[in-house]
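J.: Below is the structure I would like to discuss, written out as structure tokens.
The values are calculated or read from the model by the stated rules, or taken from the named source; none is laboratory data. Source: prediction; values computed, not measured. Every residue, glycine as well, gets a Cβ built from its backbone with ideal geometry; the counts of neighbours run over all protein chains shown. Accessible surface areas use protein heavy atoms only, side chains included; no ligands, DNA or RNA. Shrake-Rupley method; radii C 1.70, N 1.55, O 1.52, S 1.80 Å.
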Amino acid sequence: MRERDGAWDCDTHGPVSPLWRPAEASYAAFGELLGAVRGFPTYLPWPVSPGWSVADFGAVVHDGRVSATMTCCSGPSELDGPVDLFLIAEEAGTGLGARCAGLPHSDPGGEIGDGPPPLRVRTGPQTVPLWPLSTSSADDRFERSVLVGEAAGRWLWLVLRPASAILLLRDEWMLRDAADLGPELVELPFGGTPPPW
């Protein structure tokens, strides 16, 4: 991505809004993110599993308008070893979810809503159906599973690496907007190496 005359351009996706990401995942930087995206959900798995940490996060904000947030939690699993879980909430056409998933298009496309959803997650009082998205046309350097649905009028993407980590998810898995956590936010573990995407 490069800047030209105050506008940002991606070789794959064309004109885009810039993504803000901190140099290091920390409590202070996460607080800065939440202040910048007030009113736009920033999802975390809840509760965060023991041994897991918030390894990366960011937001697409341009001229004061938020169009996407992303968090990544990383940690160990018994069967898969190290796992990365990206959670992206975005307005249609933003493309951050597709970027994290390694896909060339900006929105999920026609695969969403085809047949019954294999998984549902809870975001507060809402149950969100999720459908798998094929990544067979994507760069295969990273094996991953991608699930997408619609939550409160926005795309909700879950990207897991390795692909087999999808088995960690179970029906009615909980996501919380970090802005609603209050004092629990202080206890969140931050750090680790931000995963590549």
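J.: Residues to consider are GLU32, GLU111; find the one that is open to solvent by 10 Å² or more (accessible area, probe 1.4 Å) and free of Cβ contacts under 8 Å to residues at least 12 places away in the same chain.
T.: GLU32
J.: Starting from the stretch 91-106, take each residue that is under 11 Å from TRP155 (Cβ atoms) and touching a residue at least 40 places away in the same chain (Cβ under 8 Å) and list its partners that are open to solvent by less than 40 Å² (accessible area, probe 1.4 Å) and part of a helix (DSSP H, G or I), counting only C-beta distances under 6 angstrom and pairs at least six apart or across chains.
T.: Partner pairs satisfying both residue conditions: SER106/ALA98.
J.: Within the stretch 81-118, take every residue that is β-branched (Val, Ile, Thr) and part of a loop (DSSP other than H, G, I, E, B) and give me the one that is modelled with the highest pLDDT.
T.: Restricting to residues being β-branched (Val, Ile, Thr) and part of a loop (DSSP other than H, G, I, E, B), the top hit is THR94.
J.: Count, please, the residues in the stretch 51-79 that happen to be in contact (Cβ under 8 Å) with a residue 24 or more places away in the chain and more than 15 Å from THR94 (Cα to Cα).
T.: Adding up the residues that qualify gives 15.
J.: Name the single residue that is modelled with the highest pLDDT among those in the stretch 121-143 being within 17 Å of ASP177 (Cβ to Cβ) and more than 16 Å from the chain's Cα centre (by Cα).
T.: In this case the residue turns out to be THR127.
J.: Is one or more of the residues making up the stretch 128-136 open to solvent by 20 Å² or more (accessible area, probe 1.4 Å), of a type outside the set (D, E, K, R) and touching a residue at least 40 places away in the same chain (Cβ under 8 Å)?
T.: Looking for residues that are open to solvent by 20 Å² or more (accessible area, probe 1.4 Å), of a type outside the set (D, E, K, R) and touching a residue at least 40 places away in the same chain (Cβ under 8 Å), one finds none in the stretch 128-136, hence no.
J.: SER49: under 18 Å from GLY153 (Cβ atoms), assigned to a loop (DSSP other than H, G, I, E, B) and open to solvent by 30 Å² or more (accessible area, probe 1.4 Å), yes or no?
T.: no
J.: Quick test of your reading of the structure: GLU90 fulfils all but one of (1) closer than 24 Å to PRO189 by Cα; (2) touching a helix residue (DSSP H, G or I) at 6+ places or on another chain (Cβ under 7 Å). Name the failing condition by number.
T.: (1)
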